[in-house]
Amino acid sequence: GRWKETHQLHFLMAALRDCGDLLQSGGVMHSQYTKFLMDALEGELVEPLCREIETDLRLRIHSAQIAQLQRINPVKEGVRDLSTFVGMRPLRVLNDTVDIKAKVTQYLDETFYNLTAVATNDWKTYGEMRNLAQARYGLRLTETYLPVGTLEQGLDVLE
């Protein structure tokens with residue numbers, strides 16, 4: 001039930017905005033309420049969603065590459081349509097706006113860049129995950145533009 005009916009998030013945010021209207025704008029209570037809502041949205045929706053999408057991309061790429069990896073059975077385990085979250089319009093949280101798609105894109109960009117920088121031999125896997133993120137979720141991720149080799153392989157960074 002956690003990943004269903006994303007359209008209701010806009011109604012929830014509208015109700016929470018009504019509560020915020022009762023607090024003095026610019027006051028301490030209003031800023032604490034805003035921080036509470038933003039932290040809750042980040043911790044309960046954005047972070048878990050980012051991890052779920054990353055996991056989905058990893059499983060799909062690695063299940064195609066590794067024959068022994070157990071395939072996901074959508075009949076047994078059900079299918080979560082996470083694309084509804086990245087496809088929805090930005091949420092209005094009091095006076096701020098939270099763009100879920102932009103947050104997921106930034107998370108995946110940072111994750112894939114950092115992991116490619118650490119293990120340059122996996123650059124192709126992360127490139128495939130980037131392409132899958134575009135096809136599956138409509139996310140346009142940034143190319144890393146890191147060298148596809150290491151100094152031990154003879155790459156001369158001065159050339």
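The values are calculated or read from the model by the stated rules, or taken from the named source; none is laboratory data. Everything numeric in this text was worked out from a predicted model, so none of it was measured. Here Cβ is always computed from backbone atoms with ideal geometry, including for glycine, and neighbour counts include all displayed protein chains. These area figures cover heavy atoms from the full protein model, side chains too; ligands, DNA and RNA do not enter into them. Shrake-Rupley method; radii C 1.70, N 1.55, O 1.52, S 1.80 Å.
Structure above, values below:
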quantity: Pairs, first farther than 20 Å from THR111 by Cβ in the range 23-50, second among the aromatic types (Phe, Trp, Tyr) and open to solvent by less than 70 Å² (accessible area, probe 1.4 Å), C-beta under 9 Å, six or more apart; calculated: LEU23/TYR33
quantity: Criterion (open to solvent by less than 90 Å² (accessible area, probe 1.4 Å), in contact with a Lys or Arg (Cβ under 7 Å, 6 or more places away or on another chain) and modelled with pLDDT of 90 or more) met by exactly one of VAL86, VAL93; calculated: VAL86
quantity: Every residue from the range 96-108 that is at pLDDT 95 or above and of a type in the set (D, E, K, R); calculated: ASP99, LYS101, LYS103
quantity: Only one of ASP21, ASP39 that is at pLDDT below 85 and open to solvent by 60 Å² or more (accessible area, probe 1.4 Å); calculated: ASP21
quantity: Scope the range 128-147; condition modelled with pLDDT under 85 and on the phi > 0 side of the Ramachandran plot; matching residues; calculated: TYR145
quantity: Candidates THR125, THR150 - the one that is of a type in the set (Val, Ile, Thr) and at pLDDT below 80; calculated: THR150
